[in-house]
Amino acid sequence: MGVKRHPMGELIREDRMPHIFCPGCGIGATISNIAEALTEVKDEIDLNKVAVVSGIGCSGRAAGYFWLDGFHTTHGRPIAFATGLKLSNPDLNVIVFSGDGDLTTIGGNHLIHGARRNMDLIVICINNFNYGMTGGQMGATTPSHTKTTTSIYGNYETPFNLPALLTACGANYVARWTSAHSHYIKRSFLDALKKEGFRFIEVISACPVNWGRRNKLRTGKDMVKFFLEHTVIKENPDPKDALIQMDTPILCGVFADRNAPGYMRAMRECLSSKVGISEFRGDGKVELPEDKEKEKKTLEIPKPKQIKEVKIKLAGLGGQGIALLGLIIGRAACVFDGNEAAYTQEYGAEARGGASASCVIISSEKIDFPYVKKPDVMVIMAQGAFRKYRKDIQPNSVVFIDKDLVKPSNLPEGVKAYAVPATRIAEQVGRTVVANIVMLGFISALTDFFSLEAVKAALKMSVPKGTEEFNLKAFAAGYEYGEKVKKGEIV
Amino acid sequence: MGKDVLTGIHFLSGNHACVEGAIAAGCRFYAGYPITPSNEIAERMSARLPQVGGIYIQMEDELGSMAALVGASWAGAKPMTATSGPGFSLMQENLGLAAMTETPCVVVNVQRGSPSTGLPTAVGQADVMQARWGSHGDYEIIAIAPSSPQECFDFTIKAFNLAETWRVPVVVLSDECVAHVSERVLIPPKEEIKVVNRKRPTLPPEKFLPFKAGKDLVPEMAVAGEGYRIHVTGLTHNEKGYPDLSAKTHNKLVRRLVDKIRKNADKIWEYEEFMTEDAEVVLVTFGISTRVCRTVVKWARKEGLKIGMLRLIVVWPFPEKRIIELAERIKAFVCVEINLGQTFFEVERVVKDRCKVFLFPNAGGEVHDPEKVLAELKQII
C-alpha cells in the first residue's frame with residue numbers, strides 16, 4: 001500500500017512531516033492557504049524563484065515546511081534578511097512568513113522601516129497574541145486585560161494596532177484576516193503577489209494551547225468559533241478602528257491598497273539617469289557598459305623624485321581649507337611625483353569651527369610612522385591656530401604664515417618665517433576662500449617639496465569641477481608673491 | 001563611470017581604499033548604519049556601488065545590516081558592511097548566524113577607543129577578542145588587520161577571497177588611524193587581481209546536500225533562485241540543511257565549523273616578519289601598531305639591539321606554529337597593541353614557558369609613542 005501524498009505535496013516539504021504545530025493551531029492552516037495560492041499561479045510565476053524567510057518562533061518554522069528556498073533566520077530579523085536577499089536577486093519573489101513577537105516586537109524596527117522603504121516583500125504576520133514557542137508569554141500584540149504566563153493578572157499594556165501602524169509607515173498593501181478566513185487569506189495573498197512594494201497581511205491566529213486556554217478559549221474549535229463570531233469584515237475599513245479589544249469585534253479587511261513605487265523602482269528611477277545603468281542588483285550580474293576609456297593593462301609608476309623626508313603641519317580655522325591644502329600636497333607627491341606621502345588630520349571636539357590641523361609627510365622612501373610630532377615646516381593661516389599650535393614650532397624649522405592674520409611672537413630659536421598676505425591676495429583674485437590655494441602657490445615658489453607640474457595637476461584634480469581655472473589663478477598669484485620674496489623684492 | 005577596478009595611482013584614506021578593494025573583489029552589496037570612524041566607507045560605497053550596478057542600502061541599525069548581509073550572500077552576492085565598536089557589538093547576533101550557516105561575507109570593523117561609546121574619533125585595538133568570539137557559542141572565523149591604505153585595498157580583496165574559500169564571515173580589523181591616514185594606493189590592472197569565488201554545486205538538486213562538506217570541510221554553496229530549493233537555518237542542522245536537534249548532529253556540525261578553520265589554519269595564516277632572523281626580542285603587533293614597531297625596530301637596530309617584529313596579518317586564526325618556532329630561540333616576545341592585553345594572552349598561552357612574554361599596554365586614544373616603546377624595551381632587555 002502506497003503512502004498518501006500530502007495534498008499540498010508540491011509546495012510542502014513532505015520529508016519534514018509531521019510538523020511541530022499543536023492541535024488547533026492556526027499556522028498550519030495559513031501555510032496551506034499560501035501553498036494553495038502558489039499552486040494556483042504556478043504556471044505564471046517560477047516557483048524556483050520564490051523564497052520564504054522566517055524568524056524565530058512557531059511561525060518561524062514555516063520557512064522549513066515550504067518546498068521552496070527557505071531561510072530560518074534570527075529572532076526579529078527576517079525582514080532585514082529578506083531585504084538583502086531581494087536586493088541581491090530582484091528576480092526572486094520574497095515572502096516573509098513569521099510571527100507577531102518576531103516581526104512586531106523584537107523585529108519592530110525592521111518592520112516599520114521595511115514598510116517606510118516600501119521594500120518589495122510580502123510579509124505574512126501570524127498574530128496569535130503571545131509567544132507560543134516559549135510557553136505563552138505576553139508581547140506587543142497581546143490584547144489588554146488578557147492573561148499570559150507573564151501577565152497572569154491581565155495585560156495592562158496596550159497592544160499595537162498593526163493595520164494602523166503599517167498603513168502609517170507607508171506599506172503599499174495592508175490587510176487583516178483570521179486563521180478562520182482561509183479563502184480571504186488566499187485571495188489577499190494573490191492580490192499582494194501582483195503588487196510591488198511592502199505588502200503586509202496580518203493573520204489573527206488560533207493558539208488554544210498557550211493563549212486560548214488562559215483566556216477561556218481552550219480548544220481550536222473554541223478559537224475558530226470566537227474568530228467567526230467576533231470579527232467583522234468591512235470594505236475600506238478605517239485602520240484607526242483596528243485596535244484589538246476583547247469586548248469589541250476584530251476588524252478585518254484591506255486597510256491599504258496603494259501603488260506607490262516599491263523600493264526597487266524608486267531606486268532605479270533615481271539612479272538610472274545619474275549613473276547611466278538601468279539595473280541594480282547585489283549578485284554582480286549587471287553587465288557594465290563598455291568602458292570608453294581604454295582599460296589600463298599595466299600600471300606605470302613614475303620614478304620617485306628624490307627628496308629629503310619633510311614633515312609639514314598645516315593649521316588654521318574651520319572653513320579655511322586646511323584639510324584640502326594637505327590633500328593637494330599629498331596628491332602632488334604621490335600621484336604625480338612618484339613619492340610617498342602620509343596625510344593625517346587632527347580630530348577633536350574643537351575641530352568643528354575652532355582651530356584644526358592636518359599633517360603631511362613627504363618622502364621618497366616608504367613612511368613607517370605616519371604621524372608628525374616635530375614638524376620641519378609649519379603653515380599657519382590664523383591667529384587662533386597660531387595660539388593653539390605654537391608649541392609645535394621647532395627650533396630651526398620653517399614657518400609659513402598669513403601675513404595679515406597671524407602675528408607671530410616668541411618663536412623658537414632659528415625659525416625662518418615666510419609671510420604672505422594670502423587672504424588679501426585671495427580677495428583680490430576674487431574670493432577669500434582660495435587663501436589656502438594662494439598659500440599653496442607661495443609654498444611652491446619657496447620650497448622643492450613637490451614639482452610645479454605635480455602640484456598644479458593635483459590642484460586641478462582636487463577642487464570642484466568648473467573652479468579649476470579660478471584656483472589656478474589664485475595659485476599663480478601666491479606663486480608670484482613667493483618668487484618676489486625669494487628674489488628679496490619683498491621681505 | 002561603470003568602472004569596477006580603478007587601475008592607477010591614487011592618494012586614498014584607508015577607508016576609501018577598503019571600498020575600492022571590495023569592489024575590485026566583486027562586492028556589489030553593502031548594507032550599513034552610520035558610525036564614526038567608519039563613515040567614509042559607507043559614503044564612498046553609496047557613490048560607487050550604483051556606478052557598477054550594485055546595491056547600497058542604509059539600514060535601520062547594525063542588527064539589520066548584518067542580517068541583510070547574510071540574506072544577500074544567500075542570493076549570490078559578495079556582501080560587505082563596515083562599522084565600529086558599538087555597531088560591531090550589535091552585529092554579533094547575525095555574525096553568529098553567518099558562522100552557523102557558513103555564509104561568506106565581510107565585516108570591516110574600524111576600531112575606536114572603547115568600551116561602550118568610548119572614544120568615537122580616536123584609535124583603539126581592543127576588539128580583537130570580540131572579533132574572534134563576539135557571538136555566542138563555539139565557532140571560528142577569520143580576521144585580517146591592515147596597517148596602511150594600500151593594505152586596506154589589498155587585504156579587503158583577501159578578506160573576500162578568504163570568506164568565499166572557507167565560507168565564513170571575515171572581519172577586516174581596521175582601526176581609526178589606518179582608516180584616516182591617506183597614502184599612496186596602487187590599484188593594479190583588473191587581470192592582475194586574484195578573485196576567488198565560492199564553490200558551486202557539482203550535483204543536480206535531487207542529489208545535492210547543501211551542508212555536506214568535502215575534504216577541506218567546506219560544503220558547496222547553492223543559492224536562492226537556482227532550483228535547489230535549499231533550506232538554511234540557524235538551528236543545528238544535518239547535511240540536508242534540515243533542523244536536527246540531536247547531540248550527535250550538533251557535535252558533528254559544530255566540530256566541523258571549528259575544524260574547518262583550525263585544521264586549515266596553515267593555509268590561512270599570514271604574517272610578516274621584520275629582522276627576526278637574529279632577533280633576541282620580537283615585537284608582536286598588528287594594524288597601525290605595526291608602523292610604530294617597524295620604526296622602533298629600525299631605531300633599535302641602529303643602536304645594535306637585536307630586536308625584530310612579528311606582525312600578524314591574519315590575526316585569527318592565531319599563528320601558533322610560528323610563535324612556537326620563534327619562542328624556542330628568542331629571549332622574549334613583547335606585545336605592542338592598543339589595548340590592555342588581547343593578543344598578549346594568546347601569545348602567553350601559546351608560548352607557555354619557552355620564553356618571556358611582555359605587554360606594552362595602551363588603553364587607546366593614540367598610538368604608542370615609538371620613543372617610549374624603545375625606552376621601555378631597553379629596560380627589559
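The values are calculated or read from the model by the stated rules, or taken from the named source; none is laboratory data. As the structure is a prediction and not an experimental result, all values here were calculated from the model. Glycine also receives a Cβ, built like all others from the backbone with ideal geometry; neighbour counts cover every protein chain displayed.
Observations on the structure shown:
- Single match in B:THR290, B:THR295 (criterion: within 21 Å of B:ALA145 (Cβ to Cβ), in a helix (DSSP H, G or I), hydroxyl-bearing (Ser, Thr, Tyr) and touching a Phe, Trp or Tyr at 6+ places or on another chain (Cβ under 8 Å)): B:THR295
- Of the residues making up segment A:385-393, not a single one is in the same structural domain as A:LYS374 (by TED's automatic domain parsing), outside any helix (DSSP H, G or I) and out of contact with any strand residue (DSSP E or B) (no Cβ under 7 Å at 6 or more places or on another chain).
- Flag if A:GLY321 is buried (at least 18 other Cβ atoms within 10 Å of the Cβ), at pLDDT below 95 and within 27 Å of A:VAL433 (Cβ to Cβ): yes
- Among residues of segment B:225-253 that are in a helix (DSSP H, G or I), those with a beta-carbon under 7 Å from a residue that is at pLDDT 95 or above at least six positions away or on a different chain give the pairs B:THR249/B:THR236; B:THR249/B:ASN238; B:HIS250/B:THR236; B:LEU253/B:THR236; B:LEU253/B:HIS237.
- Boolean, A:SER88 is assigned by TED's automatic domain parsing to the domain that holds A:VAL209, surrounded by fewer than 23 Cβ atoms within 10 Å (Cβ to Cβ), on the phi < 0 side of the Ramachandran plot and of a type in the set (Ser, Thr, Tyr): no
- Residue check: B:VAL296 meets all listed conditions (1) within 23 Å of B:LYS158 (Cβ to Cβ); (2) over 19 Å from the mean Cα position of the chain (by Cα); (3) among the hydrophobic types (A, V, I, L, M, F, W, C) but one, namely (1).
- Strands (runs of 3 or more DSSP E) within segment A:48-142 that include 2 or more residues at the interface with chain B (Cβ under 9 Å from one of its Cβ atoms), over 29 Å from A:GLN245 (Cβ atoms) and modelled with pLDDT of 95 or more: A:50-54, A:69-72
- Residue match in segment A:82-103 (condition: in contact (Cβ under 8 Å) with a residue 60 or more places away in the chain, farther than 26 Å from A:LYS285 by Cβ, hydroxyl-bearing (Ser, Thr, Tyr) and touching a Ser or Thr at 6+ places or on another chain (Cβ under 6 Å)): no
- Of the residues making up segment B:43-56, none is surrounded by fewer than 24 Cβ atoms within 10 Å (Cβ to Cβ), of a type in the set (Asp, Glu) and in contact with a helix residue (DSSP H, G or I) (Cβ under 8 Å, 6 or more places away or on another chain).
- Among the candidates B:ASP154, B:ASP127, residue that is of a type outside the set (Phe, Trp, Tyr), under 23 Å from B:GLY365 (Cβ atoms) and in contact with a helix residue (DSSP H, G or I) (Cβ under 7 Å, 6 or more places away or on another chain): B:ASP127
- Filtering segment B:41-66 to residues that are within 7 Å of chain A (Cβ to nearest Cβ), assigned to a helix (DSSP H, G or I) and over 14 Å from A:GLY282 (Cβ atoms) leaves B:GLN51, B:LEU63, B:GLY64.
- Residue pairs whose Cβ atoms lie under 7 Å apart, separated by 6 or more positions or on different chains, with the first residue in segment A:228-248 and assigned by TED's automatic domain parsing to the domain that holds A:LEU217 and the second in a loop (DSSP other than H, G, I, E, B) and hydrophobic (A, V, I, L, M, F, W, C), are A:LEU228/A:ALA180.
- Number of the exception - A:GLY276 against (1) within 14 Å of another protein chain (Cβ to nearest Cβ); (2) on the phi > 0 side of the Ramachandran plot; (3) surrounded by 14 or more Cβ atoms within 10 Å (Cβ to Cβ): (3)
- Hey, A:LEU411 surrounded by 17 or more Cβ atoms within 10 Å (Cβ to Cβ) and assigned to a loop (DSSP other than H, G, I, E, B) or not: no
- Entry remark, segment A:30-76: residues being touching a Pro at 6+ places or on another chain (Cβ under 7 Å), farther than 19 Å from A:LEU193 by Cβ and surrounded by 24 or more Cβ atoms within 10 Å (Cβ to Cβ) number 1 in total.
- Residue within segment A:326-346 that is of a type in the set (Ser, Thr, Tyr), assigned to a loop (DSSP other than H, G, I, E, B) and modelled with pLDDT of 95 or more present: no
- When B:GLY134 is tested against the conditions (1) under 16 Å from the mean Cα position of the chain (by Cα); (2) within 14 Å of another protein chain (Cβ to nearest Cβ); (3) small (Gly, Ala, Ser), the lone failure is (2).
- For segment A:438-471, the set of residues classified as among the aliphatic types (A, V, I, L, M) and closer than 22 Å to A:GLY338 by Cα consists of A:LEU440, A:ILE443, A:ALA445, A:LEU446, A:LEU452, A:ALA454, A:VAL455, A:ALA457, A:ALA458, A:LEU459, A:MET461, A:VAL463, listed by residue number.
- Any pair with Cβ under 8 angstrom, 6 or more apart, that starts in segment B:2-30 at a residue that is facing another protein chain (nearest Cβ under 7 Å) and within 18 Å of B:ALA179 (Cβ to Cβ) and ends at one that is small (Gly, Ala, Ser) and assigned to a strand (DSSP E or B): B:PHE11/A:ALA341; B:PHE11/B:SER182
- Residues of segment B:104-119 classified as under 15 Å from the mean Cα position of the chain (by Cα) and more than 10 Å from chain A (Cβ to nearest Cβ), total: 7
- Residue within segment B:366-375 that is within 30 Å of B:ASN161 (Cβ to Cβ), of a type outside the set (S, T, N, Q) and within 14 Å of chain A (Cβ to nearest Cβ) present: yes
- Wholly within segment B:100-209, strands (runs of 3 or more DSSP E) carrying at least 1 residues that are in contact (Cβ under 8 Å) with a residue 40 or more places away in the chain and surrounded by fewer than 17 Cβ atoms within 10 Å (Cβ to Cβ): B:119-123, B:182-187
- Unique match (being surrounded by 14 or more Cβ atoms within 10 Å (Cβ to Cβ), within 14 Å of chain B (Cβ to nearest Cβ) and free of Cβ contacts under 8 Å to residues at least 12 places away in the same chain) among A:GLY284, A:GLY262: A:GLY284
- Selection within segment A:371-403 - within 18 Å of A:VAL420 (Cα to Cα) and acidic (Asp, Glu): A:ASP402
- Exclusive hit being farther than 27 Å from A:THR134 by Cβ and either under 32 Å from the mean Cα position of the chain (by Cα) or assigned to a strand (DSSP E or B) (or both), set A:LEU251, A:LEU166, A:LEU228: A:LEU251
- Restricting segment B:221-243 to residues that are more than 7 Å from chain A (Cβ to nearest Cβ) and buried (at least 21 other Cβ atoms within 10 Å of the Cβ), the residue that is nearest to A:LYS86 (Cα to Cα): B:VAL223
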